[in-house]
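S.K.: Provided herewith is a single structure, encoded as structure tokens, for subsequent inquiry.
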Amino acid sequence: MSGSIQDTFFEECEELLEATDEGLSAIEGGDHDPEVVNAVFRAVHSIKGGAGAFGLNELVAFAHRFETVFDEVRANRMELTDPLVQLLLRSCDHLYNLVAVARDGGETDQEHHDMLIEALDKYIPEEEEDLTFEPMGLGGPMDIGAIDLPGIATEETYQIHFRPLKDMYSTGNEPIFLFQALKDMGTLEVTLDDSELPGFDAIDPEEVYLSWNLVLTTSEPRSSVEAVFEFVEGLCELSIDGDGDADADAAALAALEAAFGSAPAEAPPEAEPTVMVEETPAAPFEQPAPAPAPEAVPEVAGKQASAPKAETAKSEQRGPNPTLRVDLERADRLINAVGELIINHSMLAQQIANLDVADVRDVETELEGFKNLARDIQEGVMSIRAQPVKPLFQRMARIVREASSATDKSCKLVTEGENTEVDKTVIERLADPLTHILRNAVDHGVEKPEDRIAAGKDKVGEIRLSASHRSGSVCIEVRDDGAGVNRPRVKQIAIEKGLIPENAELTDSEIDNLLFLPGFSTAKEVSKLSGRGVGMDVVKNAVTGLGGRINISSNPGKGSTFTIILPLTLAVMDGMVVSVADQTMVVPITSIVETMRGNDDMINNLGADGTLLSIRGSFVPICDVAGALGLRKEDSDQPPGVYLLVETETGQRSALAVDDIHDQRQVVIKSLDGVCGEIAGVAAATILGDGKIAMILDPESILAASPAAAFDTERRMSNAS
Amino acid sequence: MKTKVLAIDDSRTIRNLLAATLEEAGFEYVSAVDGREGVDMYEDVAPDVVITDINMPNLDGFGVIEELRGTGINSKVPILVLTTESAPEMKARARNAGATGWITKPFDDASLIFALKRVTGAAAYDVRIHSGYLL
């Protein structure tokens, strides 16, 4: 039970941290609206409250400090100075870490943790420095040994005198329930003292006249008895006399014990005639208005059946916009089913087309409607998986902050299009490459403050992260206003590392894209930040792994822009249906740059090294798909008819030779996992309209497996020049 | 007849914790996500007891108590304040507004049920069985 609630807690933490982040960013931007301040306070407060319930002490303690400092701000006792806002932002980042550690395990950076605590403590006024906080939640420790078991401990007898004051009834406290709680602890005798009750005519309905003398025999410690009267302390005259142990445990533990040692629950209050007989007739006279008369209960309860807003934990709602939480698996099942539906439509359409019937127009009209509906459903289902990129972008703001402080640069992240929605999996798998690009932008893109000033720029570097939808794709752009790619240096490094020949003549864009070559790193030494021996090639792999593309463009002195184009979903893709050696196959549209019909003039034979396709004066190696897949002998006479110009991960272009192009359409991606092993050159499969299975090709791996791959950049360069 | 609890808290985690504990203990549970919603739904829900958080958007816990006890609704049901604030002035302020008692977060099943028992008499819950600690 508590496991799933804990999951909810972590989910909620994400939202609360986002709210905190957002609020602090607004504050950083000069918005000191009390409502913004309050929202941040509440969010951190809720994190603390939830964390306490699960015994996450480190998180509780840190959140408590944060909250205490922020409470000072909220109460206008403290100014929101710039250093304080920066500290709070970093503390918020640290809260993210603490939550992540609590959820996923791992270690907190203790040094950083202590440093932040020390810094926060400086803002906490003296008298509030008592930050002891003892969580006692579901996951918290419990001192079982200290609990007295009924029948084992010795019994004590308490004489209790209880005289409610008028105010007690206005708080909704009811003597009978207190007596019931006492009765659960042992044997209780109740005697009503109505000696102060005046004659009927003299009764003031607002006044109190009754008091009680109680004799309780219980094995509970005195503190448990006192705990029963906790809520009415100060609202009644109370004396508890007995030989009970006055040095009993702390009140909180006692409350626990009292409930632990309670009498069997089935004993209803009516079983104690002493209480009821004396209490019931007295009540209406004594407390007509303020106290809930017991008779009122059935009436109240009667309304329950028609209560419209009854809600259980399973249908939890939050905020004014009702949402529904659904297992990802269920959404995926639906997406799969819609995929089948679309395939089904294609098959139906094909069969109708093949029918030998004179007039199929009516059927086709209906079928068109079917197709539109199927598409609507598909879009609807896809949107279930779609999430705004906002949380991802907010995380990136932290990355930029951390990176800036690690490199002693000052950068700010400006985000645009935060509400652009992208498939959940895409968002998840985008986090790492985006982190890398942003660290790279801070580390290598933005100049040191003094260099920026010298260049006449603002001291603070600006990194702009934007998301937008662009014709069925998602476009994520990271633009910095730094120095841009140092092209002479990049080229020199590429030559040093043997990635390109010394005499290579490259366009600016080709030089920029060298950054994506495996093993390329411009940092003179591997920096702590973006180093780790990981280059931009990893970023490119991650993006292409999502069926996307990445590009860099740079303007010396003005900055660089990384553009990532991603498909909207991973379940369906646009593919070009081609035939290869009598087989139908699909090539992802995203990897195709251009298609063309070839003629003999365009093909240049290089003998054993393969063939080159000449396009507008440049040459690209040809890879015969049928040959690469082993469907046809390499030296077959049959000339492929169509060339698909594709761009590989390294920016290198090749021409995939296929027999013919049939169609361009959306295909549902069916994983081959668990169906058959990995096949070189094949990424997945799909089902076509005619019910046949077609392989979805992976151009990258086809090229890697073909002789064209041996035909590397070097050869291309020297041949081209 | 089940005792109906209206829980008002902006934290989903706390609402879920309350729901799990209370439903398991045989209470009927209804929740609201902030003070405003809690007050608005009060008369439709007609709870036997209200549990409210203090720090909430739209209307805070003190506001909830004041409105429920005010002449408009004139509620007489017990109201328990659920808060991490153990500061005495916080309790005093809640009580002045008309709160019946308080539950200090983080709470455990037993102290939550014990608090409810003291204000509603609802005791259809044997902690010893559910908590698994004793016997």
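S.K.: Given the structure, is A:G50 small (G, A, S), out of contact with any helix residue (DSSP H, G or I) (no Cβ under 8 Å at 6 or more places or on another chain) and either within 14 Å of another protein chain (Cβ to nearest Cβ) or within 24 Å of B:I103 (Cβ to Cβ) (or both)?
M.R.: On the way: small (G, A, S): yes; out of contact with any helix residue (DSSP H, G or I) (no Cβ under 8 Å at 6 or more places or on another chain): no; either within 14 Å of another protein chain (Cβ to nearest Cβ) or within 24 Å of B:I103 (Cβ to Cβ) (or both): yes.
No: the conditions fail for A:G50.
S.K.: Something else about it: Exactly one condition in (1) within 7 Å of chain A (Cβ to nearest Cβ); (2) within 27 Å of A:A181 (Cα to Cα); (3) surrounded by fewer than 24 Cβ atoms within 10 Å (Cβ to Cβ) is not met by B:P88; state its number.
M.R.: Single failed check for B:P88: (1).
Let's see how each residue does on (1) within 27 Å of B:A99 (Cα to Cα); (2) away from chain B (no Cβ under 14 Å); (3) in a helix (DSSP H, G or I):
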position: A:L192; (1), (2), (3): yes, yes, no
position: A:L216; (1), (2), (3): no, yes, no
position: A:S223; (1), (2), (3): yes, no, yes
position: A:D241; (1), (2), (3): no, yes, no
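S.K.: For residues in the range A:53-85 being within 14 Å of chain B (Cβ to nearest Cβ) and among the charged types (D, E, K, R), which is surrounded by the most Cβ atoms within 10 Å (Cβ to Cβ)?
M.R.: Narrowing the range A:53-85 to residues within 14 Å of chain B (Cβ to nearest Cβ): A:53-57, A:59-61, A:63-68, A:70-71, A:74-75.
Adding the requirement that they be among the charged types (D, E, K, R) leaves A:65, A:67, A:71, A:74.
Working: A:R65: 21, A:E67: 23, A:D71: 17, A:R74: 16.
The selected residue is A:E67.
S.K.: Considering each of A:L178, A:L182, A:L98 in turn, give the residue that is in a helix (DSSP H, G or I), modelled with pLDDT of 80 or more, crowded, with 18+ Cβ neighbours inside 10 Å and away from chain B (no Cβ under 14 Å). Step through it out loud before you land on a result.
M.R.: Working: A:L178 fails: away from chain B (no Cβ under 14 Å); A:L182 fails: away from chain B (no Cβ under 14 Å).
That would be A:L98, the only listed residue that is in a helix (DSSP H, G or I), modelled with pLDDT of 80 or more, crowded, with 18+ Cβ neighbours inside 10 Å and away from chain B (no Cβ under 14 Å).
S.K.: A follow-up question, please. Determine which member of the set A:S25, A:S91, A:S46 is assigned to a helix (DSSP H, G or I), under 30 Å from B:S111 (Cβ atoms) and hydroxyl-bearing (S, T, Y).
M.R.: On the way: A:S25 fails: under 30 Å from B:S111 (Cβ atoms); A:S91 fails: under 30 Å from B:S111 (Cβ atoms).
The match here is A:S46.
S.K.: Looking only at helices (runs of 4 or more DSSP H) that fall completely inside the range A:286-398, which ones have 1 or more residues that are closer than 30 Å to A:R665 by Cα and modelled with pLDDT of 80 or more?
M.R.: On the way: elements: A:296-302, A:328-354, A:361-385.
Result: A:328-354, A:361-385.
S.K.: Among the candidates A:V593, A:V543, A:V578, single out the residue that is assigned to a strand (DSSP E or B), within 21 Å of A:V646 (Cβ to Cβ) and under 37 Å from the mean Cα position of the chain (by Cα).
M.R.: Values: A:V543 fails: assigned to a strand (DSSP E or B); A:V578 fails: under 37 Å from the mean Cα position of the chain (by Cα).
It is A:V593.
S.K.: If you take the residues in the range A:558-573 that are of a type in the set (A, V, I, L, M, F, W, C) and over 30 Å from A:D451 (Cβ atoms), which one is surrounded by the most Cβ atoms within 10 Å (Cβ to Cβ)? Before the answer, list the steps.
M.R.: Of the range A:558-573, the ones of a type in the set (A, V, I, L, M, F, W, C) are A:562, A:564-566, A:568, A:570-573.
Then keep just the ones that are over 30 Å from A:D451 (Cβ atoms); that gives A:565-566, A:568, A:570-573.
Details: A:I565: 18, A:L566: 25, A:L568: 20, A:L570: 17, A:A571: 20, A:V572: 19, A:M573: 21.
Here the residue is A:L566.
To keep it simple, each residue is scored yes or no on (1) more than 22 Å from A:T425 (Cβ to Cβ); (2) assigned by TED's automatic domain parsing to the domain that holds A:A441.
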residue: A:T365; (1), (2): yes, no
residue: A:E368; (1), (2): yes, no
residue: A:K371; (1), (2): yes, no
residue: A:R375; (1), (2): no, no
residue: A:Q378; (1), (2): no, no
residue: A:M382; (1), (2): no, no
residue: A:F393; (1), (2): no, yes
residue: A:M396; (1), (2): no, yes
residue: A:R401; (1), (2): yes, yes
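S.K.: Yes or no: A:I27 under 20 Å from A:T81 (Cβ atoms) and touching a residue at least 24 places away in the same chain (Cβ under 8 Å)? Steps first, please.
M.R.: Working: under 20 Å from A:T81 (Cβ atoms): yes; touching a residue at least 24 places away in the same chain (Cβ under 8 Å): yes.
When the stated conditions are applied, A:I27 passes them.
S.K.: From A:L210, A:L138, A:L149, A:L131, which residue is modelled with pLDDT of 80 or more and not polar (S, T, N, Q)? It would help to see each step written out before you state the result.
M.R.: Numbers: A:L138 fails: modelled with pLDDT of 80 or more; A:L149 fails: modelled with pLDDT of 80 or more; A:L131 fails: modelled with pLDDT of 80 or more.
Exactly one of A:L210, A:L138, A:L149, A:L131 is modelled with pLDDT of 80 or more and not polar (S, T, N, Q), namely A:L210.
S.K.: Identify, from the list B:E43, B:E28, B:E89, B:E37, the residue that is out of contact with any strand residue (DSSP E or B) (no Cβ under 8 Å at 6 or more places or on another chain) and modelled with pLDDT of 80 or more. Walk me through how you get there before you give the answer.
M.R.: Numbers: B:E28 fails: out of contact with any strand residue (DSSP E or B) (no Cβ under 8 Å at 6 or more places or on another chain); B:E89 fails: modelled with pLDDT of 80 or more; B:E37 fails: out of contact with any strand residue (DSSP E or B) (no Cβ under 8 Å at 6 or more places or on another chain).
Every option except B:E43 fails the conditions.
S.K.: Mind checking which residues of the range A:574-605 are without any contact (Cβ under 8 Å) to a residue 12 or more places away in the chain and surrounded by 14 or more Cβ atoms within 10 Å (Cβ to Cβ)?
M.R.: Passing the criteria: none in range.
S.K.: Another question about this same structure. Can you pull out every residue in the range B:18-54 that is facing another protein chain (nearest Cβ under 7 Å) and part of a loop (DSSP other than H, G, I, E, B)?
M.R.: B:V33, B:A46, B:D48
S.K.: Among the residues of the range A:4-18, are any over 24 Å from B:F107 (Cβ atoms) and modelled with pLDDT of 85 or more? It would help to see each step written out before you state the result.
M.R.: Here is the first cut: in the range A:4-18, the ones over 24 Å from B:F107 (Cβ atoms) are A:18.
Retained after the next criterion (residues that are modelled with pLDDT of 85 or more): A:18.
Checking the range A:4-18: at least one residue is over 24 Å from B:F107 (Cβ atoms) and modelled with pLDDT of 85 or more.
S.K.: From the list B:R15, B:R95, exactly one residue is among the charged types (D, E, K, R), assigned to a helix (DSSP H, G or I), at the interface with chain A (Cβ under 9 Å from one of its Cβ atoms) and in contact with a strand residue (DSSP E or B) (Cβ under 7 Å, 6 or more places away or on another chain). Which is it? Working first, answer last.
M.R.: Values: B:R95 fails: in contact with a strand residue (DSSP E or B) (Cβ under 7 Å, 6 or more places away or on another chain).
Just one listed residue meets the conditions, B:R15.
S.K.: Here is a list of conditions, (1) within 9 Å of chain A (Cβ to nearest Cβ); (2) crowded, with 22+ Cβ neighbours inside 10 Å; (3) farther than 13 Å from B:L82 by Cα, and B:P57 meets all of them except one; can you say which number that is?
M.R.: Looking at each condition in turn, B:P57 falls short on (2).
Here is a yes/no grid of residues against (1) over 28 Å from A:C236 (Cα atoms); (2) crowded, with 24+ Cβ neighbours inside 10 Å; (3) in contact (Cβ under 8 Å) with a residue 12 or more places away in the chain; (4) touching a helix residue (DSSP H, G or I) at 6+ places or on another chain (Cβ under 7 Å):
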position: B:A7; (1), (2), (3), (4): no, yes, yes, yes
position: B:D10; (1), (2), (3), (4): yes, yes, yes, yes
position: B:T13; (1), (2), (3), (4): yes, yes, no, yes
position: B:V39; (1), (2), (3), (4): yes, yes, yes, yes
position: B:E66; (1), (2), (3), (4): no, no, yes, yes
position: B:G70; (1), (2), (3), (4): no, no, no, no
position: B:R93; (1), (2), (3), (4): no, no, yes, yes
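S.K.: Give just the number: which of (1) more than 13 Å from the chain's Cα centre (by Cα); (2) free of Cβ contacts under 8 Å to residues at least 40 places away in the same chain does B:S31 not satisfy?
M.R.: (1)
S.K.: One residue is enough: does the range A:35-42 have a residue meeting the conditions assigned to a helix (DSSP H, G or I), buried (at least 19 other Cβ atoms within 10 Å of the Cβ) and more than 8 Å from chain B (Cβ to nearest Cβ)? Please lay out each step first, then the result.
M.R.: Kept after step one, since they are assigned to a helix (DSSP H, G or I), are these residues of the range A:35-42: A:35-42.
Filter once more, so that each one left must be buried (at least 19 other Cβ atoms within 10 Å of the Cβ): A:37, A:40-42.
Restricting the remaining residues to those that are more than 8 Å from chain B (Cβ to nearest Cβ) gives A:37, A:40.
Yes - at least one qualifying residue is present in the range A:35-42.
The values are calculated or read from the model by the stated rules, or taken from the named source; none is laboratory data. Model, not experiment: these values are computed from the prediction. Methodologically, a virtual Cβ is constructed for each residue, glycine included, from the backbone with ideal geometry; neighbour enumeration extends over all protein chains shown.
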